[in-house]
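A quick write-up on the structure given underneath.
The values are calculated or read from the model by the stated rules, or taken from the named source; none is laboratory data. Here the structure is a predicted model, which means the values were calculated and not measured. For neighbour counting, all protein chains shown are included, and Cβ atoms are generated from backbone atoms with ideal geometry for every residue, glycine included.
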Amino acid sequence: MSFRGKVAAVGVGLAGIGEAPGLSHLDLTAMAAKQALDEAGLSFGDVDGLFAANLQNIFGPLNVGEYLGIRPKLSEGTQIGGSSPVAHLIWAALALDAGLIDTALICYGSTQRSVAGKLLSPSTSEPLIYEMPYGPRYPISSYALSTSRHIYEYGTTREQLADVAVAARQWAAMNPDAFMRGPLTREEVIDARMICDPFTVRDCCLVTDGAGAVVLTRSDRARDCSREPVYLLGAAMAHWHRQISQLPDLTQTCASETGPRAFEMAGLTPADIDVLELYDAFSINPIMFLEDLGFCAKGEGGPFVENGGIAPGGRLPVNTNGGGLSCVHPGMYGIFTVIEAIQQLRGDCGDRQVEDAKTAISHGNGGHFSSQVTAIWGNEETL
Amino acid sequence: MPHPLPEGPDERYAAYLAEGRICIQHCGDCQRHVFYPRLFCPHCHGSSLTWREVSGKGTVYATTVIRQRPDKGGPYNLCLVDMEEGVRFPGRVEGPEPEDVKIGMAVAARIKQEDGNPLVVFDPS
């Protein structure tokens, strides 16, 4: 089964990136959705497939559908953490290709910053009874444990981790939408307040408000939309565990499975990818995903990112919007990996635009390195 | 009752702990140990799990320090311990300063009372 090139993104929207006082997550979601539909030359009335999971509604599609006045023929709200909106691409592609729906709206919004502490939280709604008595600080401590093992096995350094955050900030400095754009040095990352060894606060993603939306349709219809289509060339998902104590090798995620499967569907290899958007909840994430997705060998992610390896002008453009570390992270970041990839392939990115970008990867992560979803995009030339 | 319910594995584990025994499950089909407790083996999906007491010997697999202000109790260790039987326990090493807990450190399990419940923690061995 392959849906290579059968569906395309025809509109994207962003709203409330950073702080959005006085607005609800549904308000922000609606603003992003309207923008995405306007770009496509479509309206709310055209949406017959709704894909929405968030951290403020248990029944996400119901709340979002009701607010927007959409009565979908098909909806999907799978909640596998921050990767969920990337996973929704797969279901949207299948439903579009099967003819069950004609227009898919994938959207996510959160007011995590403004309503601090009022999100649906695993620590209150879902006690993990074998880990929680030890006082983990979810999700940071799970990623910190993984990082300790990466350092132990591969000699990954404190400086290499810091360079991930520095690169993100350098990209963010060129993105007017990014929440944190001021200068940041390796030393400032390392000397920042320690949260959970070896992570300082600058190794950890932001806590912001924000919403994002993407509109997809079948490729034949996409050519009639206002903006040039960006085609979904391949996508794959996997999950191996919920709790970090159940992941056998803490230095390898199931991105090692989703990468090869997505590349196979796309008919591409890592060497063919021009832009990478890798879910950076913490500074270790891009290092692990570069390895697991096949952009470098296992254990070589640290040297790969060191000294500007993924910064502007480096060997590979990674997290060109500034990522979850410096642009936006409203609870779940997945949708933003999708939006930035699409914008890069349309040439919308101004100062941070990657020249001649024809292919891009959106990689979503969820839980505690638990769920991984890889999507590969291409412009018209790549079909 | 035509379909009697099995004993709850979480309750069984807690009951052993309350007796002062750290017990995990062993799969009679694939001969691997299982933790946390379940009704089916997650390795081979067999249903012949029985309980065995662990030796208590383990090695620190991964470790971190959760930083906290002194007035809130100060920093503490959080780690994962690979037990001799091949299962991994979440836990905490007590004794050393939290940052002195190292990967590869040999540790021994101990049951302590915490917040009114028995809890497995680890000491350097």
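For this structure, a couple of remarks:
This table checks each residue for (1) within 14 Å of chain B (Cβ to nearest Cβ); (2) under 22 Å from B:LEU80 (Cα atoms); (3) not hydrophobic (A, V, I, L, M, F, W, C).
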site: A:PHE263; (1), (2), (3): no, no, no
site: A:LEU268; (1), (2), (3): no, no, no
site: A:ILE273; (1), (2), (3): no, no, no
site: A:ASN285; (1), (2), (3): no, yes, yes
site: A:PHE295; (1), (2), (3): no, no, no
site: A:GLY301; (1), (2), (3): no, no, yes
site: A:GLU306; (1), (2), (3): no, no, yes
site: A:PRO312; (1), (2), (3): no, no, yes
site: A:LEU316; (1), (2), (3): no, no, no
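- Test: residue in the stretch A:216-234 that is outside the structural domain of A:ALA162 (by TED's automatic domain parsing), under 18 Å from the mean Cα position of the chain (by Cα) and over 17 Å from A:THR359 (Cβ atoms): yes
- Test: residue in the stretch B:66-73 that is β-branched (Val, Ile, Thr), crowded, with 17+ Cβ neighbours inside 10 Å, in contact (Cβ under 8 Å) with a residue 40 or more places away in the chain and within 11 Å of chain A (Cβ to nearest Cβ): no
- Each residue in the stretch A:330-381 was checked for being surrounded by fewer than 24 Cβ atoms within 10 Å (Cβ to Cβ) and touching a helix residue (DSSP H, G or I) at 6+ places or on another chain (Cβ under 8 Å), and 8 of them qualify.
- The residue that is nearest to the other protein chains (Cβ to nearest Cβ), among those in the stretch A:241-259 that are part of a loop (DSSP other than H, G, I, E, B) and of a type in the set (A, V, I, L, M, F, W, C), is A:LEU250.
- Just so you know, in the stretch A:150-166 the residues that are within 17 Å of A:PRO286 (Cβ to Cβ) and either aliphatic (A, V, I, L, M) or within 12 Å of another protein chain (Cβ to nearest Cβ) (or both) include one that is farthest from the chain's Cα centre (by Cα), and it is A:ILE151.
- Selection count, the stretch A:286-303, where residues are buried (at least 24 other Cβ atoms within 10 Å of the Cβ) and of a type in the set (Asp, Glu): 2
- Pairing each residue of the stretch A:235-254 that is of a type in the set (Val, Ile, Thr) with any residue that is buried (at least 23 other Cβ atoms within 10 Å of the Cβ) and in a loop (DSSP other than H, G, I, E, B), provided the two are 6+ apart or on different chains, yields C-beta distances under 6 Å for A:ILE244/A:HIS368; A:THR253/A:PHE369.
- Residue match in the stretch A:57-69 (condition: among the aliphatic types (A, V, I, L, M), farther than 17 Å from A:VAL215 by Cβ and assigned by TED's automatic domain parsing to the domain that holds A:ARG218): yes
- Of all residues making up the stretch B:74-119, the number that are more than 9 Å from every other protein chain (Cβ to nearest Cβ) and touching a helix residue (DSSP H, G or I) at 6+ places or on another chain (Cβ under 8 Å): 2
- Of the helices (runs of 4 or more DSSP H) lying entirely inside the stretch A:282-383, those containing at least 1 residues that are touching a residue at least 40 places away in the same chain (Cβ under 8 Å) and either acidic (Asp, Glu) or under 26 Å from A:ALA32 (Cβ atoms) (or both) are A:284-292, A:334-346.
- Cβ-Cβ distances below 9 Å connect the following pairs, each with a first residue in the stretch B:15-37 that is within 12 Å of chain A (Cβ to nearest Cβ), a second residue that is at pLDDT below 95 and not in a strand (DSSP E or B), and a separation of six or more residues or different chains: B:TYR36/A:ILE129.
- For B:LEU39, the stated conditions hold: it is part of a loop (DSSP other than H, G, I, E, B) and closer than 19 Å to A:GLN246 by Cα.
- Residues that are surrounded by 12 or more Cβ atoms within 10 Å (Cβ to Cβ) and in a loop (DSSP other than H, G, I, E, B), drawn from the stretch B:1-21: B:GLY8, B:ARG21
- For the stretch A:180-187, the criterion of being in a helix (DSSP H, G or I), away from chain B (no Cβ under 14 Å) and without any contact (Cβ under 8 Å) to a residue 60 or more places away in the chain is met by at least one residue.
- Residue within the stretch B:45-60 that is among the charged types (D, E, K, R) and either within 11 Å of another protein chain (Cβ to nearest Cβ) or closer than 18 Å to A:TYR138 by Cβ (or both) present: no
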